[in-house]
1. It is to be established whether one or more residues within the stretch 30-51 are aliphatic (A, V, I, L, M), surrounded by fewer than 16 Cβ atoms within 10 Å (Cβ to Cβ), in the same structural domain as residue 10 (by TED's automatic domain parsing) and under 30 Å from residue 11 (Cβ atoms).
2. Contact list please: Cβ distance under 9 Å, first residue in the stretch 59-78 and assigned by TED's automatic domain parsing to the domain that holds residue 103, second residue among the small types (Gly, Ala, Ser) and in a loop (DSSP other than H, G, I, E, B), pairs at least six apart or on different chains.
3. Taking the condition of being more than 16 Å from the chain's Cα centre (by Cα) and either under 16 Å from residue 86 (Cα atoms) or in contact (Cβ under 8 Å) with a residue 12 or more places away in the chain (or both), how many residues in the stretch 20-41 meet it?
4. Do the conditions hold for residue 151, that is, is it modelled with pLDDT under 90, surrounded by 11 or more Cβ atoms within 10 Å (Cβ to Cβ) and within 21 Å of residue 53 (Cβ to Cβ)?
5. If only one of 30, 94, 21, 42 is under 22 Å from residue 127 (Cα atoms) and either of a type outside the set (Phe, Trp, Tyr) or part of a helix (DSSP H, G or I) (or both), which one is it?
6. Collect the residues in the stretch 82-130 that are without any contact (Cβ under 8 Å) to a residue 24 or more places away in the chain, more than 18 Å from residue 20 (Cα to Cα) and surrounded by 17 or more Cβ atoms within 10 Å (Cβ to Cβ), keeping them in residue-number order.
7. Quick test of your reading of the structure: residue 137 fulfils all but one of (1) exposed (fewer than 14 other Cβ atoms within 10 Å of the Cβ); (2) modelled with pLDDT under 90; (3) out of contact with any Leu (no Cβ under 9 Å at 6 or more places or on another chain); (4) within 19 Å of residue 24 (Cβ to Cβ). Name the failing condition by number.
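The values are calculated or read from the model by the stated rules, or taken from the named source; none is laboratory data. From a predicted model like this one, the values you see are computed outputs, not experimental measurements. Cβ placement follows ideal geometry from the backbone for every residue including glycine, while neighbour counts extend to all protein chains displayed.
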Amino acid sequence: MKCPFCKKDSDKVIDSRLAEEGFAIRRRRECIRCHRRYTTYERREEGSLRVIKKDGSRENYLRDKIVSGINKACEKRPVSPQKIDGIIANLEREIYDKFEREVPAKKIGEIIMRELKKLDKVAYVRFASVYRDFKDIDEFIKELKPMLSHSYRKGLH
């Protein structure tokens, strides 16, 4: 592994531990040349799972694309990076357990929405509005209605 600071390929692993609920290994490294430390993660190779899009086309599962979408939904919300990592770990555990080679994009979106709904309602609505591609305000309100009536019943308004 090349040092991100001095670009030399001479480091040592200081510490290794499981991360993301066992779906990754976190390694703390120190560059032998410049003595700076950095962290790397070892995960399952991407591309072993394909995503079936709405139009029937297929593309490789890209973790970074999922991270980006969830980060956008959670922007300026009280959601820690650890919680986002937890959502992604739950998603990947579920899709790799249930799908061997291909997973429908719809299933990925449903899992993310389920996890966001438990964590932060605003982030959930943000993600749902992009994922479900609401065409007008009526579709948006239809999505919000069950959450609003639930909040009023619980006295959370």
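1. Of all residues in the stretch 30-51, those aliphatic (A, V, I, L, M) come to 32, 49, 51.
Restricting the remaining residues to those that are surrounded by fewer than 16 Cβ atoms within 10 Å (Cβ to Cβ) gives 32.
Now drop any that are not in the same structural domain as residue 10 (by TED's automatic domain parsing), which leaves 32.
Still in the running and under 30 Å from residue 11 (Cβ atoms): 32.
For the stretch 30-51, residues aliphatic (A, V, I, L, M), surrounded by fewer than 16 Cβ atoms within 10 Å (Cβ to Cβ), in the same structural domain as residue 10 (by TED's automatic domain parsing) and under 30 Å from residue 11 (Cβ atoms): present.
2. Close Cβ pairs (under 9 Å, with a partner that is among the small types (Gly, Ala, Ser) and in a loop (DSSP other than H, G, I, E, B)) amount to 60/47; 60/48; 61/47; 61/48; 62/47.
3. Adding up the residues that qualify gives 15.
4. Against the criterion (modelled with pLDDT under 90, surrounded by 11 or more Cβ atoms within 10 Å (Cβ to Cβ) and within 21 Å of residue 53 (Cβ to Cβ)), residue 151 does not qualify.
5. Numbers: 30 fails: under 22 Å from residue 127 (Cα atoms); 21 fails: under 22 Å from residue 127 (Cα atoms); 42 fails: under 22 Å from residue 127 (Cα atoms).
Only one candidate qualifies: 94.
6. 109, 113, 125, 128
7. Of (1) exposed (fewer than 14 other Cβ atoms within 10 Å of the Cβ); (2) modelled with pLDDT under 90; (3) out of contact with any Leu (no Cβ under 9 Å at 6 or more places or on another chain); (4) within 19 Å of residue 24 (Cβ to Cβ), only one is false for residue 137: (4).
Conditions (1) among the aliphatic types (A, V, I, L, M); (2) at pLDDT below 95; (3) under 23 Å from residue 129 (Cβ atoms), marked per residue:
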| position | (1), (2), (3) |
| --- | --- |
| 7 | no, yes, no |
| 24 | yes, yes, no |
| 42 | no, yes, no |
| 54 | no, yes, yes |
| 60 | no, yes, no |
| 86 | no, yes, yes |
| 92 | no, yes, no |
| 99 | no, yes, no |
| 106 | no, yes, yes |
